[in-house]
């Protein structure tokens, strides 16, 4: 019995199931968020005036908390949710296989 091949196939099946479940449950929200980011509405395009703080320079949008999500940010967040768990599982599996191979007896 080839454990490596069987566990790799199990990982492929589990990863495909993970991506399918995430696509069904979270996919529509990511698509809606991408559409909202790519086509800003009138409320998102209004100018914001920020008064200077007690310091001499103006605060940035991030400091004030007014930053808008970007397309790259939405895609990066989706990629983390879709791909990170299967990749972590693959890395753990490969590490465990590497440890198990270290315990094998050498053939003479």
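The values are calculated or read from the model by the stated rules, or taken from the named source; none is laboratory data. The structure presented is a predicted model; accordingly, all values stated were derived computationally and were not measured. Heads up, the Cβs are rebuilt from the backbone with ideal geometry, glycines too, and the neighbour counts pull from every protein chain shown.
Points worth noting:
- Identity of the residue in segment 17-38, out of contact with any helix residue (DSSP H, G or I) (no Cβ under 9 Å at 6 or more places or on another chain) and at pLDDT 85 or above, that ends up nearest to residue 99 (Cα to Cα): 17
- Taking the criterion of being surrounded by 12 or more Cβ atoms within 10 Å (Cβ to Cβ), in contact with a helix residue (DSSP H, G or I) (Cβ under 7 Å, 6 or more places away or on another chain) and either assigned to a helix (DSSP H, G or I) or at pLDDT 80 or above (or both), the residues of segment 68-108 that qualify are 74, 78, 81, 82, 85, 86, 89, 90, 93, 97.
- Condition check for residue 41: exposed (fewer than 14 other Cβ atoms within 10 Å of the Cβ), more than 30 Å from residue 2 (Cβ to Cβ) and modelled with pLDDT under 60: yes
- Subset of segment 1-16 that is at pLDDT below 85 and part of a helix (DSSP H, G or I) - its residue that is surrounded by the most Cβ atoms within 10 Å (Cβ to Cβ): 4
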